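My questions all concern the structure below.
The values are calculated or read from the model by the stated rules, or taken from the named source; none is laboratory data. This one's a predicted model, so the numbers in the text were calculated from it and none came from an experiment. Methodologically, a virtual Cβ is constructed for each residue, glycine included, from the backbone with ideal geometry; neighbour enumeration extends over all protein chains shown.
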């Protein structure tokens with residue numbers, strides 16, 4: 001897990017699909033310092049068994065922490081049951097620039113618990129202070145049909161790949177998503193990019209993920225390594241370098 005921390009000054013944005021919140025919680029368990037969790041979009045409520053304090057920045061513009069508050073989640077109330085709203089860029093800046101946290105991990109887009117996605121026109125919403133973007137895709141989509149059952153924004157993926165709904169997802173499709181300015185790289189500007197191919201649980205999935213990472217690195221200069229792992233187990237299985 002150190003590969004993520006070594007690549008950032010502290011403010012990490014997670015985008016894509018197939019494990020953003022899982023990675024968020026895995027990093028919160030791994031990091032020794034104090035960290036903030038938040039989002040720029042609506043999301044499911046935080047798991048209070050995984051955080052020490054939840055702050056609603058609606059009424060609580062100022063917040064106090066005690067020495068036991070190591071993992072602190074920030075949100076605003078939502079009118080949708082079971083969901084919370086994300087923070088604005090200004091609100092996230094106020095949290096980060098408070099200097100109370102060693103790391104801030106932000107979920108910067110939504111994927112409705114799917115395994116792959118292509119961003120919409122107004123996604124992702126990456127905060128100004130963020131210096132590392134981690135785009136995520138699940139290797140488990142390889143060889144599956146492109147349908148809403150596994151993919152978020154099927155129309156955008158079809159547009160990116162020049163394909164039709166129901167096509168079989170290939171390694172080339174995943175690579176194209178990873179290296180595209182309308183895919184993994186969208187709105188990242190000059191920030192560091194560290195892609196994660198997640199859910200590589202079997203030897204075959206690991207082998208396929210390594211091949212995809214090598215193919216992507218051969219095409220783009222925008223990132224120089226790809227992480228392959230199983231974040232449900234907080235397990236980085238391989239870091240593929242250029």
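Among what's in the range 120-131 and is within 12 Å of the chain's Cα centre (by Cα) and under 18 Å from residue 177 (Cβ atoms), pick the residue that is surrounded by the most Cβ atoms within 10 Å (Cβ to Cβ). Can you show your working first?
Filtering the range 120-131 down to residues within 12 Å of the chain's Cα centre (by Cα) leaves 124-126.
Adding the requirement that they be under 18 Å from residue 177 (Cβ atoms) leaves 124, 126.
Details: 124: 24, 126: 21.
Per the stated criteria, the residue is 124.
Right, something else. When residues of the range 25-40 are filtered for being under 14 Å from the mean Cα position of the chain (by Cα) and either at pLDDT below 95 or surrounded by fewer than 24 Cβ atoms within 10 Å (Cβ to Cβ) (or both), how many remain?
The number of residues fulfilling the criteria is 4.
Now a separate question. Among the candidates 77, 99, 117, which residue alone is surrounded by fewer than 19 Cβ atoms within 10 Å (Cβ to Cβ) and in contact with a strand residue (DSSP E or B) (Cβ under 7 Å, 6 or more places away or on another chain)? Break it down into steps so the answer makes sense when it comes.
Values: 99 fails: in contact with a strand residue (DSSP E or B) (Cβ under 7 Å, 6 or more places away or on another chain); 117 fails: surrounded by fewer than 19 Cβ atoms within 10 Å (Cβ to Cβ).
That would be 77, the only listed residue that is surrounded by fewer than 19 Cβ atoms within 10 Å (Cβ to Cβ) and in contact with a strand residue (DSSP E or B) (Cβ under 7 Å, 6 or more places away or on another chain).
Return the residue satisfying two criteria in turn: it lies in the range 41-60 and is without any contact (Cβ under 8 Å) to a residue 24 or more places away in the chain and in a loop (DSSP other than H, G, I, E, B), and of such residues it is surrounded by the fewest Cβ atoms within 10 Å (Cβ to Cβ).
If we take residues in the range 41-60 being without any contact (Cβ under 8 Å) to a residue 24 or more places away in the chain and in a loop (DSSP other than H, G, I, E, B), then 49 is surrounded by the fewest Cβ atoms within 10 Å (Cβ to Cβ).
The rows are residues; the columns are (1) touching a strand residue (DSSP E or B) at 6+ places or on another chain (Cβ under 9 Å); (2) within 30 Å of residue 178 (Cβ to Cβ); (3) part of a loop (DSSP other than H, G, I, E, B).
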residue	(1), (2), (3)
62	no, no, yes
68	yes, no, yes
91	yes, no, no
109	yes, yes, yes
113	yes, yes, yes
